[in-house]
Amino acid sequence: MKPAMNLAQKILKKHLVKGEMLCGSEIQIGIDQTLTQDATGTLAYLQFESLGIDKVKTKLSVSYIDHNTLQTGFENADDHKYLRSVASKYGIVFSGAGNGVCHQLHIENFAVPGETLIGSDSHTPTAGGIGMLAFGAGGLDVACAMAGVPFTIEMPRIVNVYLVGRLKHYSSAKDVILELLRRFGVKGGSGKIFEYSGPGVKTLSVPERATIANMGAELGATTSIFPSDGVTRKFLEETGRKKYFSELSADDGAGYDEKIEIELSEIEPMVALPHTPDNVKKAAEIVGLKVDQVCIGSCTNSSLADMIVVSGILNDKKIHPDTSLVIAPGSRSVLMTLAKHGYLTQLIKSGARIIECACGPCIGMGQAPVSSGVSIRTFNRNFEGRSGTMDAKVYLASPITAALAALNGKMMDPKKSLKFHVRRKMPKLMLDKKMFLAPSAKPSEVKIVRGPNIKPLPVFGKFPCSLSGTVLLKLPDNISTDHILPAGSKILPLRSNIPAISEFTFNAIDKEFARRAQKSKGGFIVAGENYGQGSSREHAALVLKYLGVSVVMAKSFARIHLANLVNFGLLPAVFSNAYDYQNIKRAQHLIIDKINFASDNILAKIYETSQTIKLALKLTTRDKAIIQSGGLLNFIRQKSKGSV
């Protein structure tokens, strides 16, 4: 008899290419689908081109335009034209600007239960809401997957989140994941897959499941997944994809590494306070807080169901005169459905501003709050400065909580102030697939279009045997990729221009960093716990390499950023002793002699004090080989020539 397996194990086993499914062991899995978005996709496709592959080898790859849609200059438009030509030539489906947010579109149109997906966006696990095993990754990993290279990860621990009961009318799926963040923090999911089960799952729609899976990324989880059941079948039928349904769940008696039980009826409206998604309190605890702005949308809460709940609260009412409300539906299909059934009129009459079906304010692309303002957002991240206003105070909340704040101009407790049930019967989604462009039937005739903002990939040599340099920056815990390389309308258009964008490295923390790194010809970065949390943007690693940084020393690293550091030939080293972090100071000179990659440790000497720092290399043999080669592209090229 076969041993009982949980759902994540079943999908991993089906796609296993190499390795054993033992916690902490390196495994390689085959990838069925990939997705990219334009902020990370341009670089990913430049990398794919460099591999010399004629056509993608996945079942499906989709290139979405949803981040850089604010075209204040030629840069974004040029990138979009490049992305469209690459998609046409290499067998990739293309989704143009205005079509919608990649994760919302993918779950509406392409996600398949039981298949694997990686995307160059950290919220790719959204597809776990439909029973897909989906991973956020750096663009280079996605480029390699498109070339047929298996995806490499450490076998995660599987955490069972057992749901019972049903949400009350004042609570939502967003409150469930905020409650998990309150309990476990932004590092609580590190090295884990969160697998949801229990009778409470059947009470959640696919969009609600997707919201929870989406923000599993904020827990630091490898991914999150829900079973594929009758609710999934109905969603696939409604989106014209009934043939892709398969029933998937854990076997009876399946084991898990951990188990959490949540009674949905006890979930209260929750809010994440500035400036981290795990700074969570009950909405009731901050009632009366004056609210300047409310933003509803993003890949987390922009589904048709979310929009209809908001329209129900706002119907025949006006938003508070001191509060701005902007709403971004998640897809063109959602927008058309709202218009057809009168919900869009309800939103507009309330005073809401309807903005483009795109990421928009979630990534600081417009709608920056007023100075020192309070902004309530249904988004997934509230890192300092991410909104575009450095001193803004951003709170994360459900669409219910956000809509009530917009009406009243202050934070309300939905448990007390919402007297009616806003979950209405959902109309059928008006799917619009005409904005998805199929690749060319004659790819050899397609010319790749490259504007002046698209610069060649930087080329790096092998990793040096010894290092000597300055500590360029010392950082605290939970430094995000937004801290390392900000987003926003000024910087995002430079994602395909590494020399230009590198000048903004650590700009929010130290405006002189890039100049100092260039003058010093590189050096070291020292950081605390969970370095590199947040976005999958590989640029946050690449710009450091471009500026000459070779080693990042930290107490611990976030999963995706750790992989990105390795992929670009930087050495991520972990302090063996916590007090050594305290002893290193900025501007000190460090020396690392005779780096031995066969060892799991290296020693760094502080020149000024002669103190020796012991650093652990928590890397696989493959990781070390990639770093020695000078990055993953070099490693693949050398391997193909038989030199690795």
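The values are calculated or read from the model by the stated rules, or taken from the named source; none is laboratory data. All values derive from a computational prediction rather than experimental measurement. Counting neighbours? That spans all protein chains shown, and the Cβs are built from the backbone with ideal geometry, glycine included. Surface accessibility is based on the protein's heavy atoms, side chains included, excluding ligands, DNA and RNA. Shrake-Rupley method; radii C 1.70, N 1.55, O 1.52, S 1.80 Å.
Approximating the spin labels as points 7 Å out from Cα along Cα→Cβ, the Lys519-to-Val164 distance works out to 6.3 nm.
Between Ile592, Ala616, Phe74, the Cα set farthest toward the positive side of the dipole of the chain (charges on each charged residue's Cβ, about the Cα centre) is that of Phe74. Only beta bridges with both residues in the chain are counted; by DSSP, about 35 percent of them are antiparallel.
For the chain, the solvent-accessible area of protein heavy atoms averages 37 Å² per residue (probe radius 1.4 Å; ligands and nucleic acids excluded). Go ahead and collect, in residue order, the members of the range 177-216 whose backbone nitrogen is under 15 Å from a label point 7 Å along the Cα-Cβ direction of Ser265. Under 15 Å, as judged by backbone N against the label point of Ser265, lie 199-201, 203 of the range 177-216.
Evaluate E = 1/(1 + (r/R0)^6) for Arg183 and Glu445, where r is the Cβ-Cβ distance and R0 equals 45 Å; express this FRET efficiency to the nearest 0.05.
On the way: r = 56 Å, r/R0 = 1.24.
Efficiency for this residue pair is about 0.20.
Straight-line cross-link partners of Lys2 among the lysines, defined as a Cα under 26 Å from its Cα and at least 8 positions apart when in the same chain: Lys10, Lys13, Lys14, Lys18, Lys192, Lys259.
Quote the charge dipole size of the range 366-446 about the Cα centre in Debye, to the nearest 20; the model charges only the Cβ of Lys and Arg (+1) and of Asp and Glu (-1).
Working: 15 positive and 5 negative charges, 121 e Å.
Magnitude of the dipole: close to 580 debye.
With axes computed from alpha carbons, what is the tilt in degrees of helix 304-314 against the longest principal axis of the chain, rounded to the nearest 10 within 0 to 90? It is inclined by approximately 50 degrees.
When the dipole is taken about the Cα centre of the range 187-327, and only Lys, Arg (+1) and Asp, Glu (-1) are charged at their Cβ, what size is it in debye, to the nearest 20?
Working: 15 positive and 21 negative charges, 97 e Å.
In total the dipole reaches around 460 debye.
Starting from the Cα gyration tensor of the range 224-279, take the square roots of the eigenvalues, sort them a ≥ b ≥ c, and report rounded, prolate or oblate (rounded when a/c is under 1.5, otherwise prolate if a/b is larger than b/c, else oblate). It comes out oblate by the Cα gyration axes.
Report note on the peptides 387-396, 71-80: ranked by the mean count of other C-beta atoms within 10 Å, highest first, their order is 387-396, 71-80.
Summarise the accessible area of the chain (1.4 Å probe, protein heavy atoms) by the percent that is carbon and sulfur.
Working: 12060 of 23780 Å².
Ligands and nucleic acids excluded, carbon and sulfur reach 51 percent.
Computed over the range 361-465, relative contact order equals 16 percent, with contacts defined as Cα pairs under 8 Å that lie 6+ residues apart. Among the lysines, which have Cα under 28 Å from the Cα of Lys434 when same-chain residues fewer than 8 positions away are ignored? Leaving aside lysines fewer than 8 places away in the same chain, those within reach of Lys434 are Lys55, Lys57, Lys59, Lys81, Lys89, Lys234, Lys242, Lys243, Lys340, Lys425, Lys442, Lys447. Which percent of the Cα-Cα distances in the chain go past 43 Å? Distances greater than 43 Å cover 18 percent of the Cα pairs. Using 0.36 nm per residue and subtracting the Cα-Cα separation, the extra length available between Lys490 and Gln638 on full extension is 49.5 nm. Place a point 7 Å from the Cα of Lys614 along the Cα-to-Cβ direction; which residues of the range 567-590 have their backbone N under 13 Å from it? Residues 575-580 fall inside that zone. Note: relative contact order over the chain, using C-alpha pairs below 8 Å and six or more positions apart, is 14 percent. The stretch between Lys81 and Ala625 holds 192.2 nm of extra length on full extension. This uses 0.36 nm per residue minus the Cα-Cα distance. Using 0.36 nm per residue and subtracting the Cα-Cα separation, the extra length available between Lys425 and Val370 on full extension is 16.1 nm. Take every DSSP beta bridge whose two residues both sit in the range 255-367; close to 35 percent of them are antiparallel.
Candidate cross-link partners of Lys410 among the lysines, defined by an alpha-carbon separation under 28 Å and a same-chain spacing of 8 or more, comprise Lys168, Lys174, Lys281, Lys282, Lys290, Lys317, Lys318, Lys349, Lys393, Lys419. Each Cα pair under 8 Å and six or more residues apart adds its sequence gap; the mean of these over the residue count of the range 1-76 is a relative contact order of 26 percent. Ranking Gly330, Asn301, Thr345 by Cα position along the charge dipole of the range 287-354, where only Lys, Arg, Asp and Glu carry charges on their C-beta atoms, puts Thr345 farthest toward the positive end.
The order of the peptides 366-372, 142-148, 350-356, 631-637 by mean Cβ neighbours within 10 Å, most packed first, is 142-148, 631-637, 350-356, 366-372. A simple packing score, the average count of other Cβ atoms within 10 Å per residue, orders the peptides 281-293, 477-489 as 477-489, 281-293, with the highest score first. Dipole size of the range 65-157 about its Cα centre, with +1 on Lys/Arg Cβ and -1 on Asp/Glu Cβ: approximately 160 debye, rounded to the nearest 20.
For the pair Lys55 and Lys290, a Förster radius of 51 Å applied to the C-beta separation gives a FRET efficiency near 0.40, rounded to the nearest 0.05. Seen against the Cα atoms of the chain and their longest principal axis, helix 206-215 is set at about 30 degrees.
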